[in-house]
Amino acid sequence: MRNLIAALGLVVAGAIGVTLNNADAQGAGPAGLARAGWTCFQPPPEFNPYIHCAPPGQFEAIVSGEARAAMFMAFDTTDIDAESAPLLGTERLIRGDLYNGQPCPTDPPTYEYSSLYQRFGWDYYICHTFDSPW
């Protein structure tokens, strides 16, 4: 059952990724997403300097540990007020109790999920759809 839930979470996350990529093609940026109710933030620059945005409610659900999975957009900008910015890619997050060592075929160079616990204190693993800075 846990594998089924994890697989469903990844399918939903992949579907969200298609929508997010379409948003960038229309010139989306952190400022516009924030006005639409998204939570945009800059992780500690020593880990990842780029602006990230999460759909409404997802950031809070990750911080509280309630979300099974989530998706963030990462922009190639350090300006949280940017109206338009190139999309680096998406980041798929899965809660630690649902992570079973799945590979991350879209995150070079390791192609593995990375733990967010050491960096942020969140019991989640992350898979980037781009060459992440860590």
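The values are calculated or read from the model by the stated rules, or taken from the named source; none is laboratory data. Since the model is a prediction, treat every value here as computed from it, not as a measurement. For neighbour counting, all protein chains shown are included, and Cβ atoms are generated from backbone atoms with ideal geometry for every residue, glycine included.
The table below gives the values:
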item: Out of 20, 10, 4, sole residue that is modelled with pLDDT under 95, in a helix (DSSP H, G or I) and over 15 Å from residue 129 (Cα atoms); result: 4
item: Residue match in the range 91-98 (condition: basic (Lys, Arg) and in contact with a strand residue (DSSP E or B) (Cβ under 6 Å, 6 or more places away or on another chain)); result: yes
item: First in the range 70-82 and touching a residue at least 60 places away in the same chain (Cβ under 8 Å) and aromatic (Phe, Trp, Tyr), second anywhere and in a strand (DSSP E or B) and surrounded by 17 or more Cβ atoms within 10 Å (Cβ to Cβ), Cβ under 6 Å, 6 or more apart; result: none
item: Test for residue 42: is it under 14 Å from the mean Cα position of the chain (by Cα), modelled with pLDDT under 95 and farther than 29 Å from residue 100 by Cβ; result: yes
item: Subset of the range 94-134 (residues that are in a strand (DSSP E or B) and either polar (S, T, N, Q) or without any contact (Cβ under 8 Å) to a residue 60 or more places away in the chain (or both)); result: 95, 103, 112, 114, 115, 125, 126, 127, 128
